[in-house]
1. Among the listed residues Tyr222, Tyr125, Tyr181, Tyr189, identify the single one that is aromatic (Phe, Trp, Tyr) and within 23 Å of the chain's Cα centre (by Cα).
2. Output yes when any residue across the range 171-181 is buried (at least 17 other Cβ atoms within 10 Å of the Cβ) and over 21 Å from Glu52 (Cβ atoms), and no when none is.
3. In the range 132-140, is there at least one residue being on the phi < 0 side of the Ramachandran plot and surrounded by 17 or more Cβ atoms within 10 Å (Cβ to Cβ)?
4. Return the residues of the range 239-255 that are of a type outside the set (Ser, Thr, Tyr) and either free of Cβ contacts under 8 Å to residues at least 24 places away in the same chain or farther than 14 Å from Ile226 by Cβ (or both); say none if nothing qualifies.
5. Can you name every residue in the range 1-34 that is surrounded by 13 or more Cβ atoms within 10 Å (Cβ to Cβ) and touching a Cys at 6+ places or on another chain (Cβ under 9 Å)?
6. List pairs: first residue in the range 101-112 and over 18 Å from Ser10 (Cβ atoms), second residue in a strand (DSSP E or B) and of a type in the set (A, V, I, L, M) anywhere in the structure, Cβ distance under 6 angstrom, at least six positions apart or on different chains.
7. Look through the range 136-189, keep the residues that are of a type in the set (Lys, Arg) and part of a helix (DSSP H, G or I), and return whichever of them is farthest from Ala91 (Cα to Cα).
8. Of all residues in the range 179-193, which are among the aliphatic types (A, V, I, L, M) and in contact with a helix residue (DSSP H, G or I) (Cβ under 7 Å, 6 or more places away or on another chain)?
Amino acid sequence: MTISMSEQASADLDEELLAQSQCPDPQDELDLSLHYPPWLANGFYRNIELREGLELTLLDCRLCDRWEFAYAEQESWLSCHFHLSGEHQDACTEVGNLEYALYGSGLAPKGTTICPDRYHILEVYISMQSEVLMSFVGRNGELPPEFKHLICKPDQQYYTRVGTISPAMQRVLWQIVRCPYLGLAKRMYLEGKALEVAALVLEQECEVQRGRRALHNLEPDYVDRICRAREIVLQNLDRPLSLVELARQVELNDFLLKGGFRRVFGKTVFGYLRDYRLEQARQLLLSGKTSVAEVMRAVGFADRGYFAEAFRKRFGVNPKDYTKEPM
């Protein structure tokens, strides 16, 4: 089952949750917790205004069903969404488990946020206005060239990038989730941690921007490493490697692996693996000897709804149309 909500319904739900919000920290009125209704999810959404222009959000819930929430075009702050557990897809990004999405400031286009059902979602959001980022620049008042694209005008579509959460980021994020303090001590602690993990993202962004130059001219050794990465992916279909581990095995950083893989094979590592599994599923279903549920498990999909949608997008028909077995 899918829970679909229009832009207006999503906005109405936000207002309803805000009206019922609570303060989990009695010493901090700027720390609000919003609990989802049981028909939607089991869990909460917590937002802490650390200071003007800097906010921290924690999302910890288990979905009852698949989410499809429409949202309107809107001006966006500079933000990072870290997925310690779960995944989501929106108009500009597809973020998996232990990945993060970096969004620059500017215009966020209208679209739909999609989350698979029965997932445990644990996310940390760091959001800041451009003035907060600018407060850290030098005396010349200008951002370094590697970061200028992060700040766009309100009518310009924002920059987005999906990256892998590094071990250093994970350490800080879990410290945020498990913050032991209240009141002033909590606010000081969380602001420091929020800026620390933001700095780690900016460090990666700097590497990404420098690495883009290497993608313009693909050298033979680089292509060989990308092809070796594909071989490793196909050798580990049952237990896929993380992007970081795959990059380590072919001696590339994860950005060069992602960018090179897309240029050589026309899709992301995740997309290549997904399409390969779907083709395997199609062949099994064509044999007529295996049910949809058995095929789904055999090729590594755990969520029926996600499998059916991915299959339909890939081949234009539902998987049950390839077999007499029911879903």
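The values are calculated or read from the model by the stated rules, or taken from the named source; none is laboratory data. The model shown is predicted, which means the values in this text are computed figures rather than measured ones. A quick note on method: Cβ atoms are made from the backbone with ideal geometry, for glycine too, and the neighbour counts reach across all protein chains shown.
1. Tyr125
2. yes
3. Yes: the range 132-140 contains one or more residues that are on the phi < 0 side of the Ramachandran plot and surrounded by 17 or more Cβ atoms within 10 Å (Cβ to Cβ).
4. Listed by number, the residues that qualify are Arg239, Pro240, Leu241, Val244, Glu245, Leu246, Ala247, Arg248, Gln249.
5. Listed by number, the residues that qualify are Ile3, Leu30, Asp31, Leu32, Ser33.
6. Qualifying pairs under 6 Å: Ala101/Val95; Ala101/Val162; Gly104/Leu78; Ser105/Leu78; Ser105/Ile151.
7. Lys186
8. Scanning the range 179-193 gives a single hit, Leu190.
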